[in-house]
Amino acid sequence: IKWTEGRGWHDAQLQPYAPLQIDPANMTLHYAQTIFEGLKAYRQPDGSVATFRPDANARRFQRSAHRLAMPELPVETFVEACDLLVSTDREWVPSQGEQSLYLRPFMFATEVGLGVRPSNEYLFMVIASPAGAYFPQGVKPVSVWLSEEYVRAAPGGMGEAKTGGNYAASLVAQAEAAAQGCDQVVWLDALERRYIEEMGGMNLYLVRGTGDDVTIVTPQLTGTLLPGITRDSLLRIAEDLGYGTEEARVSTDDWQSGDADGTLTEVFACGTAAVITPVGHVKSARAEWTVGDGETGPVTKRLRDALLAIQTGQAPDPYAWMHRLT
Ligand code: PMP
């Protein structure tokens, strides 16, 4: 779907997947006015197909558009575009367990010019790709690198927007993590480099307590981290499972000492791609420790199973999160 200044949204089209022809002076290539979303369509037990909270992705897309001085796409148009793409061939949606069809809606500037200002035309597109189970061999904890040199987002910056530049800024730290033998980067706050923010593509949760007295704690939304839809969903599910929930500032020192004295029992990351990933090991320039026993903990497993059961239609959906395609 195109957007042109003075005309608004127009020319919705369904096309076979094909390369785009881009002018060398296309403004996106130079000034990175681009935003995107990621969501999944899951096969349901009765053979139908449903997407998970597409309206939440649509609203986040609007907030990202606002931050990047781009036009707002109506929520219904976003959801309809995703529905239409999935409906063209429902056989794309895998029918086994955690497999899904990943949808990538995105928008970018299409005006040609070298002046720094908002483009006067844009293209919104959705592409799709079947996605296998994230852990085909069973859930395996990841190791993380605490990035103290590089930061991904600062107050007043673009951290809460889902824009390409944030990911470009993260690549050098991801390479550093890999060089340190770690799977993922954990970002810290820009000012003090003390407080935990999020991972490269996932939000973080720390689990305090055991048995009947469990609280899951996640960094609060202060504008510098992405408000994950999985993060939000888990706050709801956890409450209904009888866990306490808390949105708070958590320092790396609290994390390390909580692990050392046993008050902190599990840590996991969450996002659309992996749903929930346990964190087993932490490393920084100054310290290194194992989370709990380094294995997937019971709270992590229970939350993962509960959310996946809703997504794959194995459990009721009391929150009306699944959007069924008719
Ligand atoms: N943080 C970042 C930086 C991300 O890219 C993602 C993936 N969209 C998330 C968190 C998790 O968000 P969601 O649960 O909506 O996938």
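The values are calculated or read from the model by the stated rules, or taken from the named source; none is laboratory data. This structure is a prediction, so every number in the text was calculated from the model and none was measured. Backbone-built Cβ (ideal geometry, glycine too); neighbour counts: all protein chains shown.
On the given criteria, is Gly113 outside the structural domain of Glu192 (by TED's automatic domain parsing), more than 21 Å from the chain's Cα centre (by Cα), more than 16 Å from the ligand (Cβ to nearest atom) and surrounded by 13 or more Cβ atoms within 10 Å (Cβ to Cβ)? So Gly113 passes the test.
The listed residues are Tyr122, Tyr102, Tyr150, and the only one of them that is surrounded by 15 or more Cβ atoms within 10 Å (Cβ to Cβ) and without any contact (Cβ under 8 Å) to a residue 40 or more places away in the chain turns out to be Tyr150. The residue pairs whose first member lies in segment 226-241 and is assigned by TED's automatic domain parsing to the domain that holds Thr300 and farther than 17 Å from Ser64 by Cα, whose second member is of a type in the set (Val, Ile, Thr) and within 8 Å of the ligand (Cβ to nearest atom), and whose beta carbons are closer than 7 Å, counting only pairs six or more residues apart or on different chains, are Thr230/Thr272.
When every residue of segment 50-59 is checked against the conditions, none turns out to be touching a Leu at 6+ places or on another chain (Cβ under 7 Å) and in a loop (DSSP other than H, G, I, E, B).
Among the residues making up segment 1-49, those that are small (Gly, Ala, Ser) and either in a loop (DSSP other than H, G, I, E, B) or out of contact with any strand residue (DSSP E or B) (no Cβ under 9 Å at 6 or more places or on another chain) (or both) are Gly6, Gly8, Ala12, Ala18, Ala25, Ala32, Gly38, Gly47, Ser48. Which of the numbered conditions does Thr222 fail, given that it passes all the others? Conditions: (1) within 22 Å of Gln311 (Cα to Cα); (2) outside any strand (DSSP E or B); (3) within 16 Å of the ligand (Cβ to nearest atom). Of everything listed in (1) within 22 Å of Gln311 (Cα to Cα); (2) outside any strand (DSSP E or B); (3) within 16 Å of the ligand (Cβ to nearest atom), Thr222 misses just condition (1). Counting only helices (runs of 4 or more DSSP H) wholly contained in segment 225-311, the ones carrying 2 or more residues that are away from the ligand (no atom under 15 Å from the Cβ) and basic (Lys, Arg) occupy 298-311.
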